[in-house]
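Everything on this sheet refers to the single structure shown next.
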């Protein structure tokens, strides 16, 4: 066989073989994965505080929550300069049970924020997202927790309107505050 004919056959074989390659994952219509945030395991001290909060949510009262909050100097529950007990009592009178809100938050994943106080474990994870960081998965969680359309409001620069709970790496319960509080 002549060399030019051999080259032609090889080229034709390469073209046919490349036509059988599977499409690349970047082709139009390929699914894009929305990965959840990395879930750092809870230190034992944080896990213990979470257990206490869940126990209070199940069997306790707002007074029990206030006693746990009072154990941390500088704990924040509201922006009205009220005691934790008085503030949570008013929330309960308005039908907004703080124990149920804490329990609900703890069903969501947490995230870890690096602060001047060290690592703080924050619930829910999506409360710390910037507008451009709200992915489809985050949008679903936000709307499920706060109501339809809230993710869009946050994308437009709105302030997180729901509760946020933070626990320091040493287990100190630092805050449980609502965007309206």
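Values for this structure:
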read-out: Residue count for the range 126-135, restricted to those that are surrounded by fewer than 19 Cβ atoms within 10 Å (Cβ to Cβ) and part of a helix (DSSP H, G or I); value: 4
read-out: Any hit, the range 127-134, residues being at pLDDT below 95 and under 23 Å from residue 72 (Cβ atoms); value: yes
read-out: Residue check, residue 138 in contact with a helix residue (DSSP H, G or I) (Cβ under 8 Å, 6 or more places away or on another chain) and loosely packed, with under 13 Cβ neighbours inside 10 Å; value: no
read-out: Test: residue in the range 156-176 that is within 25 Å of residue 72 (Cβ to Cβ), touching a residue at least 24 places away in the same chain (Cβ under 8 Å) and assigned to a helix (DSSP H, G or I); value: no
read-out: Residue among 166, 162, 158 that is exposed (fewer than 14 other Cβ atoms within 10 Å of the Cβ) and either under 16 Å from the mean Cα position of the chain (by Cα) or modelled with pLDDT under 95 (or both); value: 158
read-out: Residue match in the range 102-117 (condition: without any contact (Cβ under 8 Å) to a residue 40 or more places away in the chain and part of a strand (DSSP E or B)); value: yes
read-out: Within the range 17-58, tally of residues that are modelled with pLDDT of 70 or more and in contact with a helix residue (DSSP H, G or I) (Cβ under 9 Å, 6 or more places away or on another chain); value: 10
read-out: Residues of the range 48-65 satisfying the condition of being exposed (fewer than 15 other Cβ atoms within 10 Å of the Cβ) and either touching a strand residue (DSSP E or B) at 6+ places or on another chain (Cβ under 8 Å) or within 16 Å of residue 173 (Cα to Cα) (or both); value: 48, 51, 55, 63
read-out: When residues of the range 66-82 are limited to those that are without any contact (Cβ under 8 Å) to a residue 60 or more places away in the chain and either touching a helix residue (DSSP H, G or I) at 6+ places or on another chain (Cβ under 7 Å) or surrounded by 12 or more Cβ atoms within 10 Å (Cβ to Cβ) (or both), the one nearest to residue 168 (Cα to Cα); value: 70
read-out: Residues being loosely packed, with under 15 Cβ neighbours inside 10 Å and under 14 Å from residue 175 (Cα atoms) - total across the range 83-112; value: 1
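The values are calculated or read from the model by the stated rules, or taken from the named source; none is laboratory data. Everything quoted here is computed from the prediction, not taken from an experiment. A quick note on method: Cβ atoms are made from the backbone with ideal geometry, for glycine too, and the neighbour counts reach across all protein chains shown.
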